[in-house]
Amino acid sequence: GNNELVLITKQGMSLRFHEEQLRDQGRNTVGVWGIRPEKNDHVVAIAIVDPSAMLLVAGENGIGKRTPFDDYRRQSRGGKGIITMKTGEKTGEVVGALTVTDKDELMLITTKGQMVRTRVKEIRVVGRNTMGVKLMDLRNGEKLQAIAPVVSQVEEEAEAAEVSAAKS
């Protein structure tokens, strides 16, 4: 493959590397390190680098941001990574990250079942080593639990048509 990947941890660290650094292995193997997280940290998201898109990262307290992929230098896999979001009391831990463009929409899902649909272009673009901006208001004791891309029916139908054409 010819893609670059970014791994993102719950404590806001990230590591960008080329997929050729991963070797093919069988299902019953342990794998290789992508990023070496700190003791109480783990990977929460993986994003495919698209130079025409940005990385969107969201924290559990409803804070998020968009950052150009150019802000993330390529590293060798297996390292500690670099800060992608300053986590703390204001942001909480990272709950997710996605590769996004201005035309995309996003679904924000909370621990109490609230769902908010938002346009990616309304989320401010900020630097890598920052906290971000408020994505949504949360009620008492509520946390942002997940983020997901909104796939329109038109896009789904176009993809289905491509698959059908490829099979014939």
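Each value in this text was obtained by applying a stated rule to the coordinates, not by laboratory testing. Keep in mind the model is a prediction, meaning the values are calculated, not measured. Note that each Cβ is placed from the backbone with ideal geometry, even for glycine, and that neighbours are counted across all protein chains shown.
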The exposure ranking of Thr118, Thr91, fewest beta-carbon neighbours within 10 Å first, is Thr118, Thr91
Could you sort 37-43, 60-66 so that the peptide with the highest average Cβ count within 10 Å comes first and the rest follow in order?
60-66, 37-43
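Output the direction-averaged projected area (hull surface divided by four) of the convex hull of the alpha-carbon atoms of region 1-120, in nm².
On the way: hull surface 34.6 nm².
The number I arrive at for region 1-120 is 8.6 nm².
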On a straight-distance basis, which lysines could pair with Lys143 in a cross-link, Cα separation under 25 angstrom, same-chain partners fewer than 8 positions away excluded?
Lys10, Lys39, Lys65, Lys86, Lys90, Lys112, Lys121, Lys134
Spin-label model distance (nm) - Thr101 vs Lys134, 7 Å beyond Cα toward Cβ
3.1 nm
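Quick one: compute a quarter of the convex hull surface over the Cα atoms of region 90-154 and quote it in nm². Display every interim value, and only then the final one.
Working: hull surface 19.9 nm².
Seen from a random direction, the Cα hull of region 90-154 projects 5.0 nm² on average.
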Would you calculate, for the chain, the mean residue ellipticity at 222 nm contributed by helices, counting each DSSP H stretch of 4 or more residues as -39,500 (n - 2.57) and dividing by all residues, to the nearest 500?
-3000 deg cm²/dmol
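Counting other beta carbons within 10 Å of each residue's own, what order do Met13, Met131 fall into, fewest first?
Details: Met13 23, Met131 17.
Fewest-to-most Cβ neighbours within 10 Å comes out as Met131, Met13.
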Explain nothing, just the number: dipole magnitude of region 4-92 about its Cα centre with +1 on each Lys and Arg Cβ and -1 on each Asp and Glu Cβ, in debye rounded to the nearest 20.
240 debye
